[in-house]
Amino acid sequence: MFLSKNDMYGLGKSFALTTLSEVGDKTFLVSAILAMRHSPVAVFWGCWVAMIIMSTLSSFMGAILPFLLCLLYTSPSPRD
């Protein structure tokens, strides 16, 4: 097996904590309401595509924004 018992314990604990923290999230609630009113498959794909787009945008903004802001505000942040 690739993961040790400690690794599996940490993985399970982080998965459970993330799942519990996301249950009350507004995005989860909106998705659940939309799935009740519309096709669950369409809602799933819409949410999945939105997540991919938002992850891509935030990655680009995290890479580009520090170079566009004044160095006074971004100098404490690590950059490659």
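The values are calculated or read from the model by the stated rules, or taken from the named source; none is laboratory data. Model, not experiment: these values are computed from the prediction. Calculation scope for accessible area: heavy atoms of the full protein, side chains included, ligands and nucleic acids excluded. Shrake-Rupley method; radii C 1.70, N 1.55, O 1.52, S 1.80 Å.
Couple of notes before you dig in:
- Accessible area of the chain belonging to carbon and sulfur atoms, whole % at 1.4 Å probe: 75
- Compared with the dominant Cα axis of the chain, that is its longest principal axis, helix 5-23 is turned about 80°.
- Computed lengthening from residue 39 to residue 58, 0.36 nm per intervening residue step minus Cα-Cα distance: 4.0 nm
- A value for mean projected area of the Cα convex hull in nm² was derived from the coordinates, and within the list [x] 5.0; [y] 9.1; [z] 5.5 it appears as [y].
- Ellipticity estimate at 222 nm from DSSP helix runs (n ≥ 4, -39,500 (n - 2.57)) divided over the chain, nearest 500: -26500 deg cm²/dmol
- Surface accessible to a 1.4 Å probe, per residue, for the residues of the chain, Å²: 91
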